[in-house]
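Colleague: The following block contains the structure, expressed as structure tokens.
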Amino acid sequence: MVGGQAVIEGVMMRGPGLTATAVRDPQGAIQLEKKPVHSISDRFPVLKKPMLRGSVSLVESLVIGMRSLSYSAKMAGEEEEQLSDRELAGTIVFALVLASVLFIAIPTGAAKLFHVVTEDPFFLNLMEGFLRLAIFLAYIWGISRMKDIRRVFQYHGAEHKTIHCYEAGLPLTVENVQRFSRLHPRCGTNFLLIVMLVSIFVFAFLGWPSLAERIASRILLLPVVAGISYEIIRFAGRSDNRLVQAAVRPGLWLQYLTTRPPEDEMVEVAIESLKAVLPEEEIVAGSGEYRRTAEQADEIAVP
């Protein structure tokens, strides 16, 4: 499987052993950076086990994504230089602290307002979970209204369409890619929504200790929540079961906010990024690897 991420004026793709970030520079040319992927799970195979691989994947994706964002900002002319390793680490720590405050501390602190209704810990934890989900949805809606972010979301749509086209076995051309849906079941938006929902049920049974203890317990259990969520989305990405697809459909609907229909020039960038991480034999084989015709794409393209 391949995956990716939208960046500033470009797309990062991750394939077997490589990542590639393609960016449209101010002169209109496509700049490409390729880097090998060295996962810690290759050195410690136990980290590839279910429930462990989710946290590993999340941390590695965060680091790779931040590096790609830094590169794209430089190539797009928004920054003079890329972040150093120290600056990158500081940025990630700051982002994690901000996320902890926004999605953990605030909802668990605000849930005490429901004490006027009941003192039941299970109910209070559920209310905390629904507050967290509401904050998450409001955050997604809010950033989707920002002009600069809308353009990033167009590249997000280009990323999904390109991956769909590759998985369908069609040649990676702009015409073919544009035929596909901008929604994808393995999207990070799906993952985050599943994290929110899984956390509601996991945290519901933790009782109602002090605020500090509640915040600490949520942070300590994040790897468990991430592990469960990762296995769910991994299974959903491989399954054609109608019940499974129905369960992940809300995540697909949410992608109407986090993706936008891309321009052809954006699709060209996504295609260059994906081609850069594909095995050489697939690129050379061309039609031998992509055997479906454009007409047959109607049977598999998602409206």
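Every read-out reported here was derived from the displayed coordinates using simple, explicitly stated rules and does not represent laboratory data. Please read all numbers here as calculations on a predicted model, not as lab measurements. Methodologically, a virtual Cβ is constructed for each residue, glycine included, from the backbone with ideal geometry; neighbour enumeration extends over all protein chains shown.
Colleague: Which percent of Cα-Cα pairs in the stretch 83-228 sits in each 5 Å bin, short to long?
Modeller: 2, 9, 14, 16, 15, 14, 11, 9, 6, 3, 2, 1, 0
Colleague: Taking the C-alpha atoms of the stretch 1-145, how large are the radius of gyration and the largest Cα-Cα span, Dmax, in Å?
Modeller: Radius of gyration, then largest Cα-Cα span, for the stretch 1-145: 19.5, 62 Å.
Colleague: Now for a different question. Taking the chain as a Gaussian network, where each spring joins two C-alpha atoms under 10 Å apart, which residue of R151, R14, R86 fluctuates the most?
Modeller: Taking springs between Cα atoms under 10 Å, the residue moving most is R86.
Colleague: Give a quick list of chymotrypsin sites (Phe, Trp or Tyr not before Pro) in the stretch 126-234 that DSSP marks as loop, anything other than H, G, I, E or B, with at most 11 other Cβ atoms within 10 Å.
Modeller: F205
Colleague: What ³J(HN,Hα) values, in whole Hz, does the Karplus curve 6.51 cos²θ - 1.76 cosθ + 1.60 give for the stretch 52-63 when θ = phi - 60°, with x put for Gly and Pro?
Modeller: In residue order, the calculated couplings are 9, 5, x, 5, 4, 4, 5, 5, 5, 5, 5, 5 Hz.
Colleague: Just to confirm a number: summing +1 for Lys and Arg and -1 for Asp and Glu over residues other than P107 whose beta-carbon lies under 13 angstrom from that of P107, what do you get?
Modeller: Combined, the nearby Lys, Arg, Asp and Glu give +3.
Colleague: Which whole-angstrom value gives the distance between the alpha carbon centres of the stretch 57-76 and the stretch 92-147?
Modeller: Cα centroid to Cα centroid, the span is 26 Å.
Colleague: From the alpha carbon gyration tensor of the stretch 23-90, can you work out the equivalent ellipsoid semi-axes (sqrt of 5 times each eigenvalue) and give them in Å, largest to smallest?
Modeller: Taking √(5λ) for each Cα gyration eigenvalue gives 30, 13, 9 Å.
Colleague: Per residue of the stretch 110-117, what does 6.51 cos²θ - 1.76 cosθ + 1.60 with θ = phi - 60° give for ³J(HN,Hα)? Whole Hz please, x for Gly and Pro, Karplus curve as stated.
Modeller: Rounded to whole hertz, the list is 6, 5, 5, 4, 7, 4, 5, 8.
Colleague: Name the long-range amide H neighbours of G4: under 5 Å, sequence gap of 5 or more, or other chain; modelled H, no Pro or chain starts.
Modeller: For G4, the qualifying residues are R14.
Colleague: Next up: Around I140, with a cut-off of 14 angstrom between Cβ atoms, what is the net charge of the other residues, counting Lys and Arg +1 and Asp and Glu -1?
Modeller: +4
Colleague: Cα-Cα over 30 Å: which of K49/K112; K74/K161; K35/K161; K74/K147?
Modeller: Pairs exceeding the cut-off: K49/K112.
Colleague: Also: Give me the Kirkwood hydrodynamic radius of the chain in Å, from all C-alpha pairs, to one decimal place?
Modeller: 20.7
Colleague: Gaussian network model of the chain, Cα springs within a sub-10 Å range: biggest mean-square fluctuation belongs to which of S181, S210, S199?
Modeller: S210
Colleague: Compute the acute angle (0 to 90°) between the alpha-carbon long axis of helix 242-258 and the principal axis of greatest extent of the alpha-carbon atoms of the chain; round to the nearest 10°.
Modeller: Tilt of helix 242-258: around 80 degrees.
Colleague: Which one of H115, A216, M1 is farthest out on the positive end of the charge dipole of the chain, using unit charges on Cβ (Lys, Arg +1; Asp, Glu -1) and the Cα centre as origin?
Modeller: Going by the Cα projections, it comes out as H115.
Colleague: Can you give me the Kirkwood hydrodynamic radius for the stretch 148-293, using every pair of distinct Cα atoms, in Å to one decimal?
Modeller: Its Kirkwood hydrodynamic radius stands at 17.3 Å.
Colleague: Between helix 222-238 and the chain, what is the angle of the helix's C-alpha long axis to the longest principal axis, kept within 0 to 90° and rounded to the nearest 10?
Modeller: Taking the Cα atoms of the chain, the angle to 222-238 is about 40 degrees.
Colleague: Would you kindly derive the ³J(HN,Hα) couplings of the stretch 24-29 from the backbone phi angles with the Karplus curve 6.51 cos²θ - 1.76 cosθ + 1.60 (θ = phi - 60°), listing them in order in whole Hz, with x for Gly and Pro?
Modeller: After applying 6.51 cos²θ - 1.76 cosθ + 1.60, I find 8, 7, x, 8, x, 7 Hz.
Colleague: Where does helix 264-277 land angle-wise versus the long Cα axis of the chain, in degrees 0 to 90, nearest 10?
Modeller: The angle comes out at about 90 degrees.
Colleague: Moving to a separate point now. Of the residues P223, P26, P185, which exhibits the maximal mean-square fluctuation in a Gaussian network model of the chain defined by a 10 Å Cα contact cut-off?
Modeller: P26
Colleague: Which loop trypsin sites (Lys or Arg not before Pro) in the stretch 103-148, with loop taken from DSSP, have no more than 16 other Cβ atoms within 10 angstrom of their Cβ?
Modeller: The qualifying sites are R145.
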